[in-house]
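Shown next, in structure tokens, is the structure this report addresses.
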Amino acid sequence: SMRRWCVGLGLLALLVLTCPWGQGAASVAWANGDVALDRWVQTTIADFSGGTFTGVVVDPAGDGELRLLGHRSQGTYTSAMQPLPFPGQAVALLYKARVPSGARLVFELRARAEAGDWSSWMTVPAGLWTDGAGRVVGESLLAFPAGAWALQYRVTFYGRGNGPALEEVTIVYM
């Protein structure tokens, strides 16, 4: 079934995060042939600095984290475009953040086809799973209708006072 396929690929995506592979795509044997997997990780000031900020700032805490600017109750960060080394069909999003009670983060992803057309922004359903490193796993994989050659994510911050702080974003694509 489709749900079983998504759960299987989701578990495969988690495997990519926990294995010590270097840069470059990993090829994993699958019942219908090989599946190419890779990941895009943003966790430092330099990683986040390429994006655009509206009411959000990169705070130098740790290696760097995104948080709401001043006393704002909402803000948005949009990543720079990330070219992919192979055409992607689906993505899984994981993140590590501190989200106090009453605050939340909303993630969206979009993909660019080889012709240069962007898909619509697709909301990543909030997940309930957390891995050993404290990363929250999105509830499902997002599938694209055609091969994607670039990805971009957007995260909207909601909160007051000591609102959410986003430390890491990992996107696994296949």
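Computed from the coordinates by the stated procedures, all read-outs in this text should not be read as laboratory data. Please read these numbers as outputs of a predicted model, since none were measured by experiment. Cβ: placed from backbone, ideal geometry, glycine included. Neighbour counts: every protein chain shown.
Loop-located GluC sites (Glu not before Pro) in segment 54-123 (DSSP state not H, G, I, E or B) with no more than 15 neighbouring Cβ atoms inside 10 Å: 114. The gain in end-to-end length when the residue 80 to residue 115 segment is fully stretched comes to 10.8 nm, 0.36 nm per residue minus the alpha carbon separation. Taking 0.36 nm per residue of separation and subtracting the Cα-Cα distance, full extension of the segment from residue 123 to residue 49 would add 24.4 nm.
Here is the P(r) of segment 70-114: all C-alpha pair distances, binned every 10 Å from 0, give 16, 45, 25, 13, 1 in whole percents. Each peptide in 99-105, 117-123, 77-83 receives the mean, over its residues, of other Cβ atoms within 10 Å, and ordering these scores from highest gives 77-83, 99-105, 117-123.
Each peptide in 162-172, 52-62 was scored by the mean count of other Cβ atoms within 10 Å over its residues; highest first, the order is 162-172, 52-62.
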